[in-house]
Amino acid sequence: MGRHERLAELAAVDRDELVVADLGCGSGRTVRALLERPLTPVTVHAVDHVSDLDDDLLGDPRVVSRVADLDARLPFDDGALHRVVSMNVAENLRDPAAFLVECHRVLAPGGLAVVGHTDFDTALFTSADDALTRTLVDRFVADSPASQERADGFMGRKLLGLALDSPFGPGEVHSWADPHRRFDEGSLAWKIAMGMVASARDDASLAARAASWVHSVRELADEGRFLFTVTDVVLVLRKAL
């Protein structure tokens with residue numbers, strides 16, 4: 001079971017009249033997982049700052065695509081939702097604590113918020129140079145690219161503290177680190193590796209070593225010797241009745 005299927009399972013849709021919102025839905029992989037559960041929501045609001053949903057989801061009558069600023073007041077009335085799901089959004093927000101307050105506001109009493117984040121500092125790569133791998137991971141975690149000025153590679157481990165200070169309280173904590181053996185373009189390991197390489201851009205010597213590191217990791221993957229994992233941390237938060 002992958003990340004999106006786990007998120008859908010934790011949302012615990014236990015009757016078919018529930019209304020759910022995926023905040024920061026991207027192309028809709030969690031939306032799809034919700035709609036493939038044995039019991040599916042009557043409506044899934046797919047919310048993001050741009051509309052990037054897959055075409056088949058846009059055509060699904062159960063899915064409502066909504067463009068909204070997740071740093072602002074959410075586009076729902078108080079208590080309008082039964083479930084909220086949000087993955088890898090918090091690091092991009094000006095005020096993640098205010099986001100949790102908004103999630104609490106829009107949930108009906110007894111509703112659940114499933115809020116998760118990858119903790120990128122936990123990235124594990126098989127490589128021929130462990131010290132260089134650690135250096136590149138550290139650079140990646142510390143780097144804030146222009147396109148993502150609020151990036152926080154430690155956000156996964158910070159979620160619990162945010163929840164404790166929110167109207168929800170601590171809730172349940174879940175985590176997983178799925179094994180991946182692919183290192184082709186588009187794979188999760190490749191995407192993170194490209195971020196690691198980009199983080200070395202201001203050091204010519206390190207950038208050259210990073211390029212060689214990618215080549216060596218690709219060779220390990222071609223030989224079937226490659227393994228990648230990174231830890232996701234997910235909180236299941238319930239609004240009191």
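The set of residues in the range 95-110 being in a helix (DSSP H, G or I) and either more than 12 Å from D71 (Cβ to Cβ) or hydrophobic (A, V, I, L, M, F, W, C) (or both) consists of A97, A98, F99, L100, V101, C103, H104, R105, V106. Scanning the range 6-42 for residues that are closer than 18 Å to G110 by Cβ and touching a strand residue (DSSP E or B) at 6+ places or on another chain (Cβ under 7 Å) gives L10, A11, A12, V13, L18, V19, V20, A21, P41, V42.
Taken over the range 203-238, the criterion of being assigned to a helix (DSSP H, G or I) and either under 26 Å from the mean Cα position of the chain (by Cα) or not small (G, A, S) (or both) is satisfied by L206, R209, A210, W213, V214, H215, V217, R218, E219, L220, A221, D222. Considering D71, D16, the condition of being open to solvent by 30 Å² or more (accessible area, probe 1.4 Å), at pLDDT 95 or above and among the acidic types (D, E) is satisfied by D71 alone. So which residues in the range 147-196 are surrounded by 15 or more Cβ atoms within 10 Å (Cβ to Cβ), touching a Ser or Thr at 6+ places or on another chain (Cβ under 7 Å) and either among the β-branched types (V, I, T) or in a loop (DSSP other than H, G, I, E, B) (or both)? Within the range 147-196, A151, A177 qualify. Counting the residues of the range 34-59 that are within 18 Å of V13 (Cα to Cα) and either in a loop (DSSP other than H, G, I, E, B) or open to solvent by 50 Å² or more (accessible area, probe 1.4 Å) (or both) gives 7.
The values are calculated or read from the model by the stated rules, or taken from the named source; none is laboratory data. Just so it is clear, the structure is predicted and the values come from calculations on it, not from any experiment. Positions of Cβ are backbone-derived with ideal geometry, glycine not excepted, and every protein chain shown enters the neighbour counts. Each accessible area value is taken on the protein alone, full model and side chains, heavy atoms only, with ligands, DNA and RNA left out. Shrake-Rupley method; radii C 1.70, N 1.55, O 1.52, S 1.80 Å.
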